[in-house]
Amino acid sequence: MSTYFDDLETRSAEARAAALAEALPRQIARAQALPGYAETLNGVEAAAVIDPSVLARLPVLRKSDLGKGQAAHPPFGGYTVRPASGFAHVFQSPGPIYEPGGGAEDWWRLGRFLHACDIGQGDIVQNCFGYHLTPAGMIFENGARAVGAAVLPAGTGQTELQARAAHDVGVTAYAGTPDYLRLILEKADEMGLELAITRAAVSGGALFPSLRQGYADRGITCRQCYATADLGLIAYESAAMEGMIVDEQIIVEIVTPGTGDPVPEGEVGEVVVTTFNPDYPLIRFATGDLSAVLPGESPCGRTNLRIKGWMGRADQTTKIKGMFVRPEQVAALVARHSEIGRARVVASRDGEMDVMTVRIETAGGDASAYEKSVAEVLKLKGIVELVAPGGLPRDGLVIEDTRTYD
C-alpha cells in the first residue's frame, strides 16, 4: 500500500492555494444559483472569492438555516443542485434534517481516512455504523469500497452475532464508534472466538486514551476521524498521531462562536467548513464544534492544515434569569463598541439567584458606560467588569456557566 492516498496530500502551500483560487469561485457561483443561498450570496462577486480571507467575509450557514430552508423547499432546502430523485440516497438526521447521498465513488471522501488507517485491498471491514435512516453506515461503506476493501454491513446491536460474524468471515478491520469494538472483543472472549481484527477506524464518540491503549494491547491500531452527515470527512488522524489533518476537498476555518470571524492561529473557536462537493455546495457551514489549528505540518508528510480535533460544542446558549443568552448576542455587544476586543458572559449564582457578569476586554474606560448596551443587547441587566487586552482566556468560550445545582 502506498504511503499516501493521492498526490494532493503532499502538495506545496503554493500548489494548494492555486488550486483553491480556481475551485472556490466556481463553487461560490454554483451555490449562488441555488434557492437556499438567494438571500445570503446574491450580490457576491464569485470571481473575487479566491482564498479564505475573502471567503471569511461571507455569511455563516447554520444547521438551523438548513431546517428552515427544508421546511420551505423540501427535502433539501434548495441547497442541492439536483432534486431528491437525482441522488442515490436520502437520509434523515435528528431535527429532522434531510441529507443527500451521492452514488459516485467516495462521495463523502472517507477513502482518504481509511487509507491512512492502512485499510485497503485484502481487508474485510466490519462496518458497525448505523444503516437505518442515518448516513454513517453508508458513508463508511462508500469509503471502504473506494480503497478496495470488502464490507460486512453489520450495523449496530446484536453483539453476539457480530462477534460470530467477525470470526467466521475473518474480519480484519473495524469501523464504528470507539467503544463498541470493545464490546465485540469482550463478547468474542466469552465465546472463545479468536478474531483477526488489527485496525480500527472510529468516529462519532470520544476515543479516550485508555480505550485506545486497550486496543493497542490487543494488537489493534485505532485511529479516528472527524466527519459529519452534511460535510463528509473533515479531518483525520495519521500514523504520526499529532492532531487531525484536514481533508483536501474542503476549507476549514476556526471562528469566534456567534460571529464567523476567524480567530488567530492556535486559539479555540468554532469549526466552519466550505466543501467543494458539486452536488451539495455548503458554503461556510458552521458545525457547532470547537477546535483549534495546530501550527506546522504533520510529521507523516501530509502538508495540509491540522486541527486539534473535537474540543466541545460551540453552541453555548445559556438560560440566565429565565432568558436565553446566545453567542450571537455577545458578538453584537462587541460589534457595538469599537474599543472592545472581546467579551465573555459568565453565569453564576448568589444564593438562589442567577447572576450575569459581562467581562469586557478593553484598554480602559468606565464599566458603567457599557451597562446600557448590555441591557439592550443581552436583554438582561448584569455586572460589567473590564479586563485588560489579552485578559480573557482564549478557549473558545463566549458564555461560561459556572453554576452548580448540588
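Quick look at the numbers
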{"quantity": "Two-decimal Rg/Rh across region 214-372, once Rg and the Kirkwood Rh are taken from alpha-carbon atoms", "calculated": "1.07"}
{"quantity": "Length added when fully stretched, residue 338-residue 12, from 0.36 nm per residue minus Cα-Cα", "calculated": "113.5 nm"}
{"quantity": "Lys/Arg +1, Asp/Glu -1 at C-beta; the chain dipole; positive extreme among 139, 259, 370", "calculated": "370"}
{"quantity": "Residue-span extension gain [residue 357 to residue 261] - 0.36 nm each, minus C-alpha spacing", "calculated": "32.2 nm"}
{"quantity": "Residue 239/residue 82 FRET efficiency (R0 45 Å; Cβ-Cβ; nearest 0.05)", "calculated": "0.75"}
{"quantity": "Under Karplus coefficients 6.51, -1.76 and 1.60, residue-wise ³J(HN,Hα) of region 121-129 in Hz, glycine/proline x", "calculated": "4, x, 8, 10, 9, 7, 8, 9, 7"}
{"quantity": "Percent accessible area from carbon and sulfur atoms, region 122-212, protein chains only, probe 1.4 Å", "calculated": "54"}
{"quantity": "Segment residue 73-residue 394, length gained on full extension (0.36 nm per residue, minus Cα span)", "calculated": "111.6 nm"}
{"quantity": "At R0 = 41 Å, FRET efficiency that the Cβ-Cβ distance of residue 189 and residue 402 yields, to 0.05", "calculated": "0.40"}
{"quantity": "Point-to-point label distance, residue 39-residue 381, nm (Cα→Cβ direction, 7 Å offset)", "calculated": "3.5"}
{"quantity": "Pair-distance profile P(r), taking every C-alpha pair of the chain, with 10 angstrom steps and integer %", "calculated": "5, 20, 27, 25, 16, 6, 1, 0"}
{"quantity": "Per residue value of the accessible surface for the chain (all protein chains in place, 1.4 Å probe), Å²", "calculated": "45"}
{"quantity": "Mean separation of Cα contacts under 8 Å (6+ apart) over length of region 47-195, as relative contact order %", "calculated": "17"}
{"quantity": "Between 0 and 90°, nearest 10: helix 63-72 axis offset from the chain longest Cα axis", "calculated": "80"}
{"quantity": "The chain, relative contact order in percent, only Cα pairs under 8 angstrom and at least six apart counted", "calculated": "12"}
{"quantity": "Förster radius 30 Å - calculated FRET efficiency between residue 350 and residue 206 (Cβ-Cβ, nearest 0.05)", "calculated": "0.30"}
{"quantity": "Flagged links, alpha-carbon separation over 24 Å, of 63/381; 321/372; 187/308", "calculated": "63/381; 187/308"}
{"quantity": "Cβ-based charge dipole, the chain, positive-most Cα from 115, 71, 229", "calculated": "71"}
{"quantity": "Cα-centre dipole for region 176-231 with unit charges at Cβ (Lys and Arg positive, Asp and Glu negative), debye to 20", "calculated": "200"}
{"quantity": "Antiparallel bridge percentage (DSSP; both residues within the chain; nearest 5)", "calculated": "60"}
{"quantity": "The chain - charge dipole about Cα centre, Lys and Arg +1 at Cβ, Asp and Glu -1, debye rounded to 20", "calculated": "680"}
{"quantity": "With every protein chain in place, region 3-49: carbon and sulfur % of accessible area (1.4 Å)", "calculated": "54"}
{"quantity": "Helical contribution to [θ] at 222 nm, DSSP H n ≥ 4, -39,500 (n - 2.57), averaged over the chain, rounded to 500", "calculated": "-7500 deg cm²/dmol"}
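The values are calculated or read from the model by the stated rules, or taken from the named source; none is laboratory data. Note that the structure is predicted; figures quoted are calculated from it, not measured. Cβ atoms come from the backbone with ideal geometry, glycine included; neighbour counts cover every protein chain shown. Just so you know, the surface numbers come from the protein's heavy atoms only, side chains and all, with ligands and any DNA or RNA stripped out. Shrake-Rupley method; radii C 1.70, N 1.55, O 1.52, S 1.80 Å.
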